[in-house]
Amino acid sequence: MSSAAAMEAIDELVQLSESMRQAASLLADDDPSDETASRRPSTFLNAVALGNVGAGKSAVLNSLIGHPVLPTGENGATRAPIVVDLERDPGLSSKSIVLQIDSKSQQVSASALRHSLQDRLSKGASGGSGRGRSDEIYLKLRTSTAPPLKLIDLPGIDQRVMDDSTISEYAGHNDAILIVVIPAMQAADVASSRVLRLAKDIDPDGTRTIGVLSKVDQAAADAKTVSCVQAILSNKGAPRAAADIEWVALIGQSVSIASAQSGSVGSENSLETAWRAEAETLKSILTGAPQSKLGRIALVDTIAKQIRKRMKIRLPNMLSRLQGKSQIVQDELARLGESMVQSAEGTRAVALELCREFEDKFLAHITSGEGSGWKIVASFEGKFPDRIKQLPLDRHFDLNNVKRIVLEADGYQPYLISPEKGLRSLIKGVLEMAKEPSRLCVEEVHRVLLDIVNAAANATPGLGRYPPFKREVIAIASSALDAFKSDAKKMVVALVDMERAFVPPKHFIRLVQRRMERQRREDELKNSRSSKKGQDTDQSKMNRASSPQTGSDETGGNLKSMKDKSNQQDKDTKEGPNLQVAGPGGEITAGYLLKKSAKDNKWSRRWFVLNEKSGKLGYTKKQEERHFRGVIVLEECNLEEIEEGEISKSSKDSKKANGQEKGPSLVFKITNRVAYKTVLKAHSAVILKAESMADKVEWIKKIKGVIQSKGGSVKGPNTPEDGSMRQSRSDGSLDTMARRPADPEEELRWMSQEVRGYVEAVLNSLAANVPKAIVLCQVEKSKEDMLNQLYSSIREPAVPWPIW
């Protein structure tokens, strides 16, 4: 057989191999025309070279390629698996080699390619293990001389880097042709050859094994060796181990190729001529061997025969399975009704049925978390909150940055009160950063939904029977998801812009109120120090008065009066408050207080009940009554201790009060924070009086705790009038603030902390609300609108779509 005939035979096998691959894809419910579909590639056209170090494996493969591209050498040039994927292009010249890398093609020379491989093998030998696919070198070449095979050149099996697992990875459990290369000088010992035993273990029947006796020219002078080679090739007297496989003889080091590349034969058919010369050389050495088993042409022909033999073995089983698959399809058509399917309405009915199957699978992934469904929740609870937390708030709220933004917005002086414009600008700038994590979350959910669509389509058995329709379903669903993604991005950006566009005014009012509260506490601290100083002065006077000295009766009388009053106050304090406490945590306090009447200016004894938990103070006329006659909401009030003389209305009382020594005041007043609002019914103030100093101390402590917890103020009897906080903290107190010098740096730092707290609260709100928007715009729509679009496209297709 000529070389051209052998090539034509392999080309026919290539077509048959592709047909069998498509059949296997159909049996696996894959789309044979989909290049991206995951499928097991056909191995009928793979040829794996096995042999010891220096056996000439690479030279044999070079002979098949037609160019000396693989490194050769006696000491083991191949140190890692080399895979050469060959494509035959009759349009190229016999000397052309085209290297294909991805989608690009580059013409190279055999010597340059060989040197490049030698460098890679040398580096791999010094840096890696040299075993397995991780160290594999892959080449895709296009020539006019090589058969369309995938040649695999493995290192010598007697090398340390080779083991059974590596050999099995390339040669075991598939249809690859095994080319067992044994030097002709070892023909006499072929029965004990380890590589032959290994091939027998992989291919016990020998249906895909080819033996190659290489380097016959080196054994030409040894008559015994030549005799053994002839016996093996003729299968006469050959060892039993070698008798079950096909054998071919080649000369060493690709002499024919070297002569062709040197240009000794100047025509385009130089390789064909050189291969014939190789066969003639072998005939002269092996005079008793069959001529059909000599040279490179014989090797190509033998490979074609073995491939055809493997296909014949596989074909009956595949045909049987195809018939079974065909029967399943026929049964399905019979179930649906063949007459119905042959019409447009019938085709549409089949399509709708398949879409319902797809819908069930898709919803199962979404609702139960099957497959990739859990990744949606993982994105909401993991990556998105982490990205929000990782926003560089420290950099944006750095004092220098805050100062720059405030100065650019408001200038210097305004921020001493409330730099509203500057702080709004700061809030907007920080919240702008939340848009990117929100968009990324939308993209992640979109990718998960696309994965679910593909997984649901692959899990729908009916769609696997109609690959074109399957692609159409995936395309329609993907297009709908793209639209949902766009809507979701607009929605989450709108959520962020809503927070950026409107900052509640009460936030800036709160800034001023808290600043005023801070100043009030500073005033109280100063007043307490002043009061303590005054008490120390009074105590020193009393000490001087009680010291032994001669004085008048009036002095003695005054001293006695002072002692009586002091003893009375101590007595009241020691007796303790006459109040009742109830509730699980003691939050209910009840007792009698005198209430000043606004009509007749008289005191009335009433039963008061304070609920610290609700912040309300109610009263009844008698303790037994069950319904309050009035209730004061303390969170809206201020508390003030006053002298009893301040509320006397009649001149008689005033004279009486002026004629007596003033004792400790038992009176206190509750007013509304806002001057024009009432506290109780129509009264703007409620004046109360305790029955003892112990009761007053306890009432004041309880009411003070409730009011201060709600932001109200408490004024003592010695608090200066101009420092009073009896009215709303935002009512007319800016003048007081303006009179006091403020440290701009400290004020700005404090305001920056307040704004940061607001921004962090907004970011936490976005972290909770953005996932809701994504679920609404993407997940929920995919469960309803996407499937509706799918059904609409099938009922009224824009263009006819094939199911089969």
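Quick notes
- In this structure, residue 799 does satisfy being aliphatic (A, V, I, L, M) and either under 30 Å from residue 482 (Cα atoms) or modelled with pLDDT of 80 or more (or both).
- Across the stretch 459-473, the qualifying residues are those that are assigned to a helix (DSSP H, G or I) and buried (at least 18 other Cβ atoms within 10 Å of the Cβ), and the one among them that is nearest to the chain's Cα centre (by Cα) is 473.
- Of the residues 214, 193, the single one that is within 28 Å of residue 14 (Cβ to Cβ) and among the small types (Gly, Ala, Ser) is 214.
- For beta carbons closer than 6 Å, sequence separation of 6+ or different chains, a first residue in the stretch 598-617 that is over 20 Å from residue 639 (Cβ atoms) and a second that is open to solvent by 80 Å² or more (accessible area, probe 1.4 Å) and modelled with pLDDT under 90, the qualifying pairs are 601/649.
- Test for residue 258: is it within 26 Å of residue 225 (Cα to Cα) and at pLDDT 65 or above: no
- For the stretch 648-686, the tally of residues that are buried (at least 16 other Cβ atoms within 10 Å of the Cβ) and modelled with pLDDT under 65 stands at 1.
- Figure legend. Inter-residue proximity from the stretch 188-213: first residues part of a loop (DSSP other than H, G, I, E, B), second residues open to solvent by 10 Å² or more (accessible area, probe 1.4 Å), beta-carbon distance below 6 Å, spacing 6+ or different chains. Indicated pairs: 206/244; 206/245; 207/309; 208/310.
- Criterion applied to 416, 423 was being modelled with pLDDT under 80, more than 18 Å from the chain's Cα centre (by Cα) and open to solvent by 20 Å² or more (accessible area, probe 1.4 Å), and the one residue passing it is 416.
- Cβ pairs under 9 Å, 6+ apart, first in the stretch 389-401 and farther than 16 Å from residue 432 by Cβ, second open to solvent by less than 100 Å² (accessible area, probe 1.4 Å) and modelled with pLDDT of 85 or more: 389/763; 389/767
- Checking each residue in the stretch 291-315 for being open to solvent by 60 Å² or more (accessible area, probe 1.4 Å) and under 19 Å from residue 180 (Cα atoms) picks out 292, 305, 308, 309.
- Considering residues of the stretch 183-206 that are open to solvent by 90 Å² or more (accessible area, probe 1.4 Å) and of a type in the set (D, E, K, R) only, the residue nearest to residue 73 (Cα to Cα): 194
- Whichever residue in the stretch 188-206 is of a type in the set (A, V, I, L, M, F, W, C) and at pLDDT 85 or above and, among such residues, is farthest from the chain's Cα centre (by Cα): 196
- Residue tally, condition at pLDDT below 85 and surrounded by fewer than 18 Cβ atoms within 10 Å (Cβ to Cβ), over the stretch 72-86: 3
- Selection of the stretch 72-95 for residues being closer than 22 Å to residue 157 by Cα and part of a loop (DSSP other than H, G, I, E, B) yields 72, 73, 74, 75, 76, 77, 78, 79, 80, 81.
- One residue from 98, 69 being open to solvent by less than 40 Å² (accessible area, probe 1.4 Å), touching a Lys or Arg at 6+ places or on another chain (Cβ under 9 Å), assigned to a strand (DSSP E or B) and not small (Gly, Ala, Ser): 98
- In the set 785, 731, only one residue is at pLDDT below 65 and not hydrophobic (A, V, I, L, M, F, W, C); that residue is 731.
- Number of positions in the stretch 575-595 that are more than 60 Å from the chain's Cα centre (by Cα) and either modelled with pLDDT of 90 or more or in a loop (DSSP other than H, G, I, E, B) (or both): 9
- Residue 129 of a type in the set (S, T, N, Q), at pLDDT 85 or above and either more than 39 Å from the chain's Cα centre (by Cα) or assigned to a loop (DSSP other than H, G, I, E, B) (or both): no
- Scanning the stretch 227-247 for residues that are more than 21 Å from residue 297 (Cα to Cα) and out of contact with any Gly (no Cβ under 7 Å at 6 or more places or on another chain) turns up 227, 228, 236, 237, 238, 239, 240, 241, 243.
The values are calculated or read from the model by the stated rules, or taken from the named source; none is laboratory data. Please read these numbers as outputs of a predicted model, since none were measured by experiment. Cβ sites come from the backbone with ideal geometry, for glycine too, and all protein chains shown count toward neighbours. Ligands, DNA and RNA are stripped out before the accessible areas are found, and what is left, the full protein with its side chains, is counted by its heavy atoms. Shrake-Rupley method; radii C 1.70, N 1.55, O 1.52, S 1.80 Å.
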